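Enquirer: Here's a structure for you.
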Amino acid sequence: MEFLLITLLNGVTYGLLLFMLSSGLTLIFSMMGILNFAHASFYMLGAYLAFQVGARLGFWPALLVAPLLVGALGAAVERLGVRKAHRFGHVAELLFTFGLSFLVEELVQLVWGKAAVDYRVPPSLDGAAFTLFRTSFPLYKGFMMAVSLAMLLGLYLAITRTRVGLVIRASLTRPEMVQALGHDVPRVFTLVFGSGAALAALAGVIAGNAYVTEPGMAAAMGPIVFVVVVVGGLGSLGGAFLASLLIGVLQTFMVASDFSVVDLARRLGLGVPDAPALARLSLTQLAPIMPYLLMVAVLIFRPRGLMGARET
Amino acid sequence: MSAPALKLSAVRKSFGRTPIIRGVDLEVPAGERHAIIGPNGAGKSTLFNLVSARFPVSSGRIELKGEEVTGRTPHEINRRGLCRSFQITNIFPHLSVFDNVRCAVLWPMGYRYSFWHRLSALRDARERAEEILERIGLAARRDTLAGVLSYAEQRALEIGVTVAGGADVILLDEPTAGMSRSESDEAVALVRRMTEGKTLVMVEHDMGVVFGLADRISVLVYGQIIATGTPAEIRANPAVQEAYLGKSVADA
Amino acid sequence: MSGVPPVLNRRRLLGFGGFLLVIAAAPLVVSHGYALSLFCQIGVMTVFALSYNMLLGQTGLLSFGHAVYFGMGALGTIHALNAVSAGARWFPVTLLPLAGGAAGLLLGLVLGAVTVRRAGTTFAMISLGIGEMVAASSLMFPAVFGGEGGVSGNRVTGQGWFGVTYGPQLQVYYLIAGWAFVATVAMYALTQTPLGRVANAVRDNPERAQFLGYNPQRVRFLMVALGGFFAGIAGGLSALNYEIVTAEALSAHTSGAVLLMAYVGGAGTFYGPILGAAIITVMQVVVAGITKAWPFYFGLFFLVIVLYAPGGVAGVLQLHLRARRAGMLRRLAPAYLAGAGPVALLVGGTVTLVELAYAVVNRVEEGTARLRLPGLVLDSRTAPPWIGAAAAVLVGALLLRVVWKRISGRWAEIHAALAAEGRS
């Protein structure tokens with residue numbers, strides 16, 4: 001029971017983190033048609049900048065400064081690069097962000113080295129939030145959850161209560177309509193791209209010290225966030241939210257349980273002396289490919305995604 | 001009596017809660033030239049999109065040459081002998097003019113997805129494509145990329161690509177859209193030439209074109225057909241005149 | 001109107017004859033062992049990049065997971081090789097890449113069915129996910145994938161025929177070159193078939209293709225499967241070349257590399273990916289030997305291509321060939337000459353800046369704070385080199401802006417002249 005609850009909390013924390021990344025990605029993708037390969041790079045930059053700024057000013061200022069810096073960078077990337085690539089179509093835009101992600105990874109290695117940096121949870125947030133029997137839930141995980149939920153609320157208010165939010169919502173389902181609304185579309189694009197980058201960076205700030213801050217973190221996170229967007233359904237923030245939680249919780253449970261088909265058979269009283277390798281794999285071993293298996297299943301049985309508003 | 005080339009029964013289409021096509025019944029006998037006219041927003045293009053299966057119908061039934069095709073995919077309907085053109089030019093911009101037409105003839109000639117035939121050795125496909133180019137007046141532009149043709153040339157190619165496959169039911173969506181008077185006259189002559197002996201259904205705004213070309217006309221207003229008849233009958237129909245709000249059809 | 005044109009016209013004879021001559025003569029001109037292994041790698045990558053372009057250039061499918069076919073082909077070949085070595089089966093080593101092709105084709109048939117529902121950005125995303133899935137599963141089945149260490153084999157089995165044992169690297173080179181030539185001809189031939197042309201049509205306008213009776217999903221599926229076949233052959237060649245296959249072969253990194261080759265070389269032409277494979281392989285080997293910063297230069301080079309030459313190297317080449325045919329290449333010369341200075345400043349300044357930065361970082365590890373250039377030693381701890389390099393970049397960029405106007409003006413004239421000619 002305690003295992004179940006703690007694992008669930010861990011899973012939700014991870015899922016919310018995924019949503020901080022996938023919300024920005026899905027907004028950018030649905031509105032501008034750009035699959036932003038560099039999205040996870042912004043996440044990584046957030047973590048590294050927080051480490052750097054935090055070393056000078058402490059964690060709390062870094063929590064604010066790092067996302068703002070990365071957000072400005074994201075806006076600049078949209079203005080100076082993506083828009084230029086746009087002349088040559090979506091493939092060029094995508095390849096531009098692909099090249100950018102490559103460059104960012106190299107830059108990070110250049111500045112901070114190839115090994116992980118010592119980015120730590122601040123002392124004020126170190127320790128246990130509560131203890132259930134013998135298992136404790138770290139205070140910092142609780143903090144991550146609080147930040148994610150605050151961001152979720154902020155995003156919800158921004159999208160439902162502001163004029164720009166109205167344009168964004170309209171463009172999710174009918175991208176071609178936005179032009180007709182007579183809004184300054186390029187500026188909205190820059191804003192969305194920059195905000196998406198800032199959100200990704202915020203995720204990096206709060207996750208970099210809970211997990212690990214290293215040059216490979218973007219390449220590890222990127223594909224999973226793409227999967228979240230496909231599983232959730234294009235153009236659907238709700239779908240991205242659902243898929244984030246689903247994948248977060250499912251993967252956390254799989255990592256935490258060392259169980260295989262063979263074990264199941266044993267428990268049912270069946271002896272399996274030489275089971276095939278596939279049956280011997282434990283859930284933990286399967287955890288890394290679970291998101292992709294889920295994606296394939298969704299593609300076959302529900303091509304629009306869980307809550308997709310449109311096919312393309 | 002043989003089955004009509006095209007038959008629509010109680011066809012409806014809604015986008016979200018908005019009904020666009022509100023129960024259309026239509027029969028086009030084989031060999032007829034049929035025009036669909038109506039004010040802007042009446043649903044003419046939507047009707048075409050339903051017949052060619054670009055959009056699924058909400059309800060109703062569509063028959064092609066006596067065979068139900070409701071719910072089929074566009075390529076299946078094409079293989080049963082219906083081909084359409086588009087109001088906004090819809091060609092293959094990075095292929096040559098010749099290859100645009102050749103692509104249209106490869107499937108019906110049975111070469112399909114073959115990767116064991118050499119294209120340039122397929123004399124029948126080449127001759128058929130060259131004949132079409134000759135007839136649409138683009139033989140001299142054979143090796144030009146279709147994307148750099150002039151507008152009128154692209155429209156001609158659009159018609160060429162549509163009829164090249166030999167489909168016997170042809171749907172043309174505003175073949176003269178955006179053309180000058182003289183260009184339009186040429187386009188009408190082209191349509192007449194290219195659809196000889198076929199069933200033609202066309203959407204058109206230009207009344208001159210419609211009354212000169214069509215055997216029968218249907219008037220679509222707010223998703224319903226309010227009248228069908230010969231050009232003379234349509235001219236004389238008071239409901240039609242009212243629908244066009246004084247913009248008298250009789251003057252055309 | 002009548003008569004079938006011959007298979008070998010003058011252009012093809014020149015193109016493929018030249019290609020054959022180059023690959024046959026390359027090891028005779030430069031026979032250094034280092035160069036030979038470089039040529040082998042270029043041969044493998046040529047086939048791989050061409051197979052990638054069957055998707056990107058010909059069918060309009062941007063894949064981020066093409067390495068899975070390459071990796072599967074390599075694995076299929078190495079396992080087949082080991083079965084042959086163990087005497088379990090008899091099969092000539094020369095034809096073993098076919099085993100790789102079969103593995104790639106099989107995987108293409110399976111994965112193609114799931115991935116081709118949609119094209120464009122969605123396909124890109126899905127291909128990435130599928131690629132990650134296959135790469136991640138490779139560590140789960142060590143019996144097939146060899147785990148961390150990979151699967152190794154020995155291409156020398158038995159006595160060989162007429163002294164061909166594939167022991168010496170030169171023999172392996174001719175094996176790869178022979179396969180590369182055959183595969184290239186086969187892939188070119190494919191572009192000249194109904195399927196090849198309809199794939200172009202689906203790339204240009206899938207909707208219209210559908211209204212002409214073609215099923216775009218079926219066309220994409222066939223192209224993915226056939227592309228998998230040729231990628232598998234490339235993988236097989238790489239397995240025979242290195243005699244080892246690791247998880248790297250089917251990783252996202254390899255998928256990215258082949259995308260770079262095809263795009264930088266030029267996806268819009270058939271021969272572009274061949275150029276790309278050669279250029280990037282040489283860069284990887286040669287530039288990496290000179291500077292540690294090569295991935296950075298590589299990224300910059302790629303971004304410049306994406307933003308300023310989306311047709312790749314072949315696209316730029318094609319443009320100049322057209323200008324030359326129109327006899328207008330000479331008009332460009334003065335503008336290009338004027339551009340040479342600013343470009344040199346910009347490139348030189350950028351390189352110096354990057355190298356200085358790398359020197360600063362590596363100082364801690366290796367004690368090399370100084371940047372040694374021929375006849376010049378720059379100390380990264382002092383300000384002047386930094387200021388000088390930054391100034392060079394700035395001045396170069398500003399000057400280039402001015403010259404660029406002149407160059408694009410000339411091109412506008414040439415385009416206008418060419419268009420007028422095409423119309424008459």
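Enquirer: How crowded by other chains is C:295-301, given as the mean number of beta carbons from other chains within 10 Å of each beta carbon?
Expert: Neighbouring Cβ atoms belonging to other protein chains average 5 per residue here.
Enquirer: Can you pull the Rg over Rh of the protein assembly as shown, Cα-only, Kirkwood?
Expert: 0.99
Enquirer: By the scheme Lys and Arg +1, Asp and Glu -1, what is the net charge of all other residues having a beta-carbon under 13 Å from that of residue C:211?
Expert: Numbers: positive: B:54, B:72, B:79, B:80, B:84, C:208; negative: B:76, B:158, B:173, C:207.
Residues close to residue C:211 contribute a combined charge of +2.
Enquirer: What are the residues whose amide H is under 5 Å from the amide H of residue B:221, where those residues sit 5 or more places off or on another chain and H is modelled from the backbone?
Expert: Under 5 Å from the amide H of residue B:221: B:226.
Enquirer: Dipole size in debye (nearest 20) for region C:10-311 around its Cα centre, Lys and Arg Cβ +1, Asp and Glu Cβ -1? Intermediate results must be reported in sequence, preceding the final value.
Expert: On the way: 13 positive and 6 negative charges, 152 e Å.
The calculation lands at about 740 debye.
Enquirer: Order of C:170-181, A:120-131, C:269-280, C:142-153 by packing, highest average Cβ count within 10 Å first?
Expert: Those peptides, ordered most packed to least, come out C:269-280, C:170-181, C:142-153, A:120-131.
Enquirer: Helix check for chain C. Which DSSP H runs span at least 24 Å along their own axis by Cα, with a mean Kyte-Doolittle hydropathy no less than 0.5?
Expert: Details: long enough: C:10-29 (27 Å, 1.33); C:33-59 (38 Å, 1.11); C:67-85 (26 Å, 1.14); C:97-115 (26 Å, 1.79); C:120-137 (26 Å, 1.18); C:169-191 (33 Å, 1.24); C:216-242 (38 Å, 0.89); C:329-366 (52 Å, 0.85); C:383-423 (59 Å, 0.70).
What comes out of the filter, once short or polar helices are dropped, is C:10-29, C:33-59, C:67-85, C:97-115, C:120-137, C:169-191, C:216-242, C:329-366, C:383-423.
Enquirer: Here's a follow-up. Between rounded, prolate and oblate, where does region B:36-181 land on the alpha carbon gyration tensor, with a ≥ b ≥ c its root eigenvalues, rounded for a/c under 1.5, else prolate if a/b exceeds b/c?
Expert: Note, shape of region B:36-181 comes out oblate.
Enquirer: How do A:225-237, B:88-100, C:304-316 rank on mean C-beta neighbours within 10 Å, highest first?
Expert: The peptides rank, most packed first, as A:225-237, B:88-100, C:304-316.
Enquirer: Still on this model: Treating only the Cβ of Lys, Arg, Asp and Glu as charged (+1, +1, -1, -1), what charge dipole size does the protein assembly as shown show about its Cα centre? Round to the nearest 20 debye.
Expert: So the dipole magnitude of the protein assembly as shown works out to roughly 920 debye.
Enquirer: Taking only C-alpha pairs under 8 Å that are 6+ residues apart, what is the relative contact order of chain B in percent? Intermediate values should be presented prior to the final figure.
Expert: On the way: 458 pairs, mean separation 65.1, N = 252.
This gives 26 percent for chain B.
Enquirer: With θ set to phi - 60° and the Karplus curve 6.51 cos²θ - 1.76 cosθ + 1.60, what are the ³J(HN,Hα) couplings of region A:196-213 in order, to the nearest whole Hz, using x for Gly and Pro?
Expert: x, 4, 5, 4, 4, 5, 4, 4, x, 4, 7, 9, x, 8, 6, 9, 8, 9
Enquirer: Amide H of residue B:36: which non-local residues (sequence gap of 5 or more, or other chain) have their own amide H closer than 5 Å, using H built in the peptide plane?
Expert: Here B:202, B:203, B:204, B:218 satisfy the definition.
Enquirer: Among A:299, A:224, C:194, which residue has its Cα positioned farthest towards the positive end of the charge dipole of the protein assembly as shown, with +1 placed on the Cβ of Lys and Arg, -1 on the Cβ of Asp and Glu, and the dipole taken about the Cα centre?
Expert: My answer, from the dipole projection, is C:194.
Enquirer: Given charges of +1 on the Cβ of Lys and Arg and -1 on the Cβ of Asp and Glu, with all other atoms neutral, how large is the dipole of chain B about its Cα centre, in debye to the nearest 20?
Expert: For this selection, approximately 700 debye.
Enquirer: Taking the radius of gyration and the Kirkwood hydrodynamic radius from Cα positions alone, what is the Rg/Rh ratio for region C:5-126, to two decimal places?
Expert: Details: Rg = 18.1 Å, Rh = 17.3 Å.
Ratio of gyration radius to Kirkwood radius: 1.05.
Enquirer: Per DSSP helix of 4 or more residues, -39500 (n - 2.57); summed, then divided by the residues of chain B. What does that give at 222 nm, rounded to the nearest 500?
Expert: Result for chain B: -9500 deg cm²/dmol, rounded to the nearest 500.
Enquirer: Determine which aspartates and glutamates satisfy two conditions relative to residue C:292: a Cα distance under 20 Å, and not lying fewer than 8 residues away in the same chain.
Expert: A:105, A:106, A:214, C:355, C:365, C:366, C:379
Enquirer: Moving on to the next point. Give me a single rounded figure for A:226-234: the average over its residues of other chain Cβ atoms within 10 Å of their Cβ.
Expert: 3
Enquirer: Further, regarding this structure: For chain C, what relative contact order do you get, as a whole percent, if you take Cα pairs closer than 8 Å and at least 6 residues apart?
Expert: This gives 22 percent for chain C.
Enquirer: With 31 Å as the limit, write out which pairs from B:13/B:65; B:44/B:65; A:84/B:13; A:114/A:141 have Cα-Cα distances beyond it, or answer none.
Expert: Over 31 Å Cα-Cα: A:84/B:13.
Enquirer: Could you give P(r) for region C:374-415, binned at 10 Å from zero, as whole percent values over all Cα-Cα pairs?
Expert: Per 10 Å bin, starting at 0, the Cα pair percentages come out as 25, 29, 22, 16, 8.
Enquirer: Return the ratio Rg/(2.2 N^0.38 Å) for region C:10-311, where Rg is computed over Cα atoms only.
Expert: 0.98
Enquirer: Counting Lys +1, Arg +1, Asp -1, Glu -1, what net charge surrounds residue C:18 among other residues with beta carbon under 13 Å of its beta carbon?
Expert: Surrounding charge for residue C:18 is +3.
Enquirer: Moving on. For C:303-309, what's the mean count of beta carbons from other chains sitting within 10 Å of each residue's beta carbon? Display every interim value, and only then the final one.
Expert: Working: counts 9, 1, 3, 14, 10, 2, 1.
Rounded to a whole number, the mean comes out at 6.
Enquirer: Follow-up question, since we're still on this one. For the charge dipole of region C:10-311, defined by +1 on Lys and Arg C-beta atoms and -1 on Asp and Glu C-beta atoms about the Cα centroid, which residue among C:233, C:40, C:93 has the Cα displaced farthest towards the positive pole?
Expert: Towards the positive end, the residue furthest out is C:233.
Enquirer: Provide the per-residue ³J(HN,Hα) series for region B:230-237, in order, calculated from phi with Karplus coefficients 6.51, -1.76, 1.60 and θ = phi - 60°, each as a whole number of Hz, with x at glycine and proline positions.
Expert: 5, x, 5, 4, 5, 4, 7, 6
Read-outs: derived from the displayed coordinates by stated rules, not from any lab. Please read all numbers here as calculations on a predicted model, not as lab measurements. Reconstructed Cβ throughout: ideal geometry from the backbone, glycine too, with neighbour counts over all protein chains shown.
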